[in-house]
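Any read-out appearing in this document is the output of simple, stated calculations on the displayed coordinates, not a laboratory observation. Predicted model only: the values in this text are computed from it and were never measured. Heads up, the Cβs are rebuilt from the backbone with ideal geometry, glycines too, and the neighbour counts pull from every protein chain shown.
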Amino acid sequence: MNNLFPENSYMGKCSCGKEFIAPKGAIHCHNCLYQKISELENTRTQSQWISVDDRLPESGAVLISHLSSFNSPVVSVAFTQGKSFYSGTSYPVQRVTHWMPLPEPPKAGE
């Protein structure tokens, strides 16, 4: 290599067929890497998590809730009554940070 590239760089070949110079271990050229990052960002935005700071669900909705506990995050099915969240046993759920609608149930035979 010349002085423009660090010693740990190498000439690689991306899955798209383009050759590229990158740190050892890199498997994608910059264009493919940016495309994969964009795909991941789109997937993340499609996850449908809604912050309770942005919007609350309609009263009576059955949904998936995400709450912060003292040790780790918890995801559970809950329903709402007014601005409150409840578990399936009508126990109040505290510290809900995000929620999302339930997905469509599977069709018969799936």
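Test of the criteria: in the range 70-110, which trypsin sites (Lys or Arg not before Pro) are in a DSSP loop and have at most 10 other Cβ atoms within 10 angstrom of their Cβ?
Loop-located and lightly packed - 83, 107.
Pop a pseudo-label 7 angstrom from the Cα along the beta-carbon direction at both residue 61 and residue 76 and give the gap in nm to one decimal.
1.9 nm
Any idea how far apart residue 13 and residue 100 come out in nm if each label point goes 7 Å out from Cα toward Cβ?
Spacing of the two 7 Å Cα→Cβ label points: 3.9 nm.
At 7 Å along the Cα-to-beta-carbon direction for both residue 30 and residue 49, put a label point, then send me their distance in nm to one decimal.
Taking the two extended label points, one gets 3.1 nm.
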